[in-house]
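The values are calculated or read from the model by the stated rules, or taken from the named source; none is laboratory data. Bear in mind that the values here come from a model prediction, so they are computed numbers and not experimental data. Don't worry about glycine lacking a Cβ; one is built from the backbone with ideal geometry, like all the others, and counts go over all protein chains shown. Ligands, DNA and RNA are stripped out before the accessible areas are found, and what is left, the full protein with its side chains, is counted by its heavy atoms. Shrake-Rupley method; radii C 1.70, N 1.55, O 1.52, S 1.80 Å.
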Amino acid sequence: MELGIDFGTTRTVVACADRGNHPVVSFQDASGDAVGFIPSIVAERHGKLHFGLDAAGLDSSAHVVRSFKRLLSGAARPEQLVRVGSAEVALADLVAGFVAHVRDALAARSDVKRAAARGNLRAAVAVPANSHSAQRLITLDAFRRAGFESIAMLNEPSAAGFEYTHRHRDTLSSKRDLVVVYDLGGGTFDASVVRMSGRRHEVLATAGVAHLGGDDFDTKLAHVALAHAGIEISSLDGPAFERLLEQCRSAKEALGPASRKITVDLEAALGAAAPRPEITLPVSDFYDACAPLVECTIATMAPLMARLEDEGASPAQGEIAGVYVVGGASDLPIVARTLRQRFGRRVHRSPYPSAAVAIGLSIAADTASGFELVDRYARTFGVFRESESGREITFDPIFSPDAELPRSRGERLTETREYRAAHNVGHFRFFECSAVDATGRPGGDMALYGDVYFPFDRALREAGDLAGVRVERRDDRGPPVVERYSLDDKGIVEVVIRDVDAGYERTYRLARA
């Protein structure tokens, strides 16, 4: 059974390949109602963890953690401990537990449960385009541990591009084959320029913000509601504010293009501490608070728009096929309104914005679909090195955002560095970032992985931890060294450092370095 699974910040959506169709899978929630998603939450009650649909069905005595996917961004580690009520769990185990719940729900409480229970579940999965290698590794490992066969990992806007072609093929032509995918989800924003030629998609450029999504709109509404009610945010404890955010999320999702007022249930969030049962405020006040967030997404897209101009296509002149708007947070009317003001009638919104990525992943998983994707790395990977006996540090970029990812499993893009060691110990700091300035210095969203020490001095190879060994320049010539960097189809980097003469080498994967 081929599936597309969009593990989202607030909701996880599954679509399946069915003879050229890609329906969204529905699940039975705790009330017996059919819903088109699994809430991405975990709860603790009496020392036991509950996930997704089970967690949502618990009463208010449970300790709930929402949007835990956001913990995967930045310098996440598999062993990083996450507190859920009275329990502590490693981040990798938390994600794996949730994905196992998704598998169980497919087999026991979905509208495809018969097929899911008897067949091998082959899934295409997605991560934000700006994801670090750690997030990719933890996500893939979670699906493997849960019993899925992960046949592809796509960047989320790349997956949504497949859904665009599936629905809007008539907007594409030989003269207009460029689409900007605008993906505003619950926790992240990504955008990609994709050239769509028939069933071949080529990602030309990608940009994104790791922490900008629907959760941030909920927080804005909470602050506006508290200000209107005359309540100091400092007077609320953590659980009360979380309940308020949940009420704000419900109020936000009920808004339509014609809405003029928005009402937040204060009593449900604050109980007896609420000065009144609910607060009603002009929706324009909420939109004014959200406007900087929407403007941030447009500013993030600026390099992509410059790339379109380089390709001879101006969005303002209608020379692109479209700006495709997906992601659950794009439901907020101010988002589409602002984009249309900037980019005109070429703005197309997916009819299923929360499911567009899952549907696109299902298309990618369907071997009969015939779609081909040429994707990009989307980040800069490099290494900080010691030089001049440790007195200086230099940054050596290895893979850049224009690096084309391998197109099939097992293939790797490789880069090598060969030199004769000049120091007793090689001290490497592997690093990913979203930007590099004109002087070659990394910037933007950055993740520094664990320091790696390689013993160039063969006498140190049984010394154990080398972190306390002083880096010194050798008087004699050190061994010839080869560093081999490889990038796989899922955007994960592996590093092998080898003393050529001795045949001694060590292998590092970033999330476990």
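General remarks:
- Cβ-Cβ under 6 Å pairs, at least 6 apart or on other chains, segment 272-300 side over 27 Å from Leu184 (Cα atoms) and open to solvent by 30 Å² or more (accessible area, probe 1.4 Å), far side of a type in the set (S, T, N, Q) and not in a helix (DSSP H, G or I): Glu278/Thr263
- Counted residues, segment 20-44 - those being of a type in the set (A, V, I, L, M, F, W, C), open to solvent by 40 Å² or more (accessible area, probe 1.4 Å) and in a strand (DSSP E or B): 2
- When segment 272-297 is filtered for residues that are at pLDDT below 95 and either of a type in the set (D, E, K, R) or farther than 17 Å from Glu253 by Cα (or both), the ones remaining, listed by number, are Ala272, Ala273, Ala274, Pro275, Arg276, Pro277, Glu278.
- Screening Arg66 on (1) of a type outside the set (Asp, Glu); (2) at pLDDT 95 or above; (3) within 26 Å of the chain's Cα centre (by Cα) shows it passes everything except condition (2).
- Taking the conditions (1) more than 25 Å from Val347 (Cβ to Cβ); (2) in a strand (DSSP E or B) in turn, Ala251 satisfies each one other than (2).
- Test for Leu308: is it surrounded by fewer than 22 Cβ atoms within 10 Å (Cβ to Cβ) and not in a strand (DSSP E or B): yes
- For segment 185-211, residues that are closer than 21 Å to Ala299 by Cβ, open to solvent by 20 Å² or more (accessible area, probe 1.4 Å) and acidic (Asp, Glu) total 0.
- Residues of segment 110-131 that are crowded, with 18+ Cβ neighbours inside 10 Å, of a type outside the set (Gly, Ala, Ser) and over 20 Å from the mean Cα position of the chain (by Cα): Val112, Leu121.
- Residue list for segment 358-379, restricted to those being over 30 Å from Cys433 (Cβ atoms) and either within 21 Å of the chain's Cα centre (by Cα) or not polar (S, T, N, Q) (or both): Ile359, Ser362, Ile363, Ala365, Asp366, Ala368, Gly370, Phe371
- Unique residue being out of contact with any Lys or Arg (no Cβ under 7 Å at 6 or more places or on another chain), open to solvent by 10 Å² or more (accessible area, probe 1.4 Å) and of a type in the set (Asp, Glu) when the list is Asp331, Asp402: Asp331
- Taking segment 354-427 and the strands (runs of 3 or more DSSP E) fully enclosed by it, the elements with 1 or more residues that are among the aromatic types (Phe, Trp, Tyr) and under 22 Å from Arg498 (Cα atoms) are at 380-387, 392-399, 412-420.
- In segment 113-127, the residues that are in contact (Cβ under 8 Å) with a residue 40 or more places away in the chain reach residues that are part of a loop (DSSP other than H, G, I, E, B) with C-beta atoms within less than 6 angstrom, at least six apart or across chains, in these pairs: Ala115/Met1; Gly119/Met1; Leu121/Met1; Leu121/Phe148; Ala123/Phe148.
- Meets criteria (touching a strand residue (DSSP E or B) at 6+ places or on another chain (Cβ under 7 Å) and open to solvent by 40 Å² or more (accessible area, probe 1.4 Å)) for Val469: yes
- Of all the numbered requirements in (1) open to solvent by 30 Å² or more (accessible area, probe 1.4 Å); (2) modelled with pLDDT under 90; (3) not acidic (Asp, Glu), Tyr377 misses one, and that requirement is (1).
- Search result, residues across segment 254-271 that are crowded, with 19+ Cβ neighbours inside 10 Å and part of a helix (DSSP H, G or I): Leu266, Ala269, Leu270
- Number of positions in segment 224-241 that are in a helix (DSSP H, G or I) and farther than 27 Å from Arg83 by Cβ: 5
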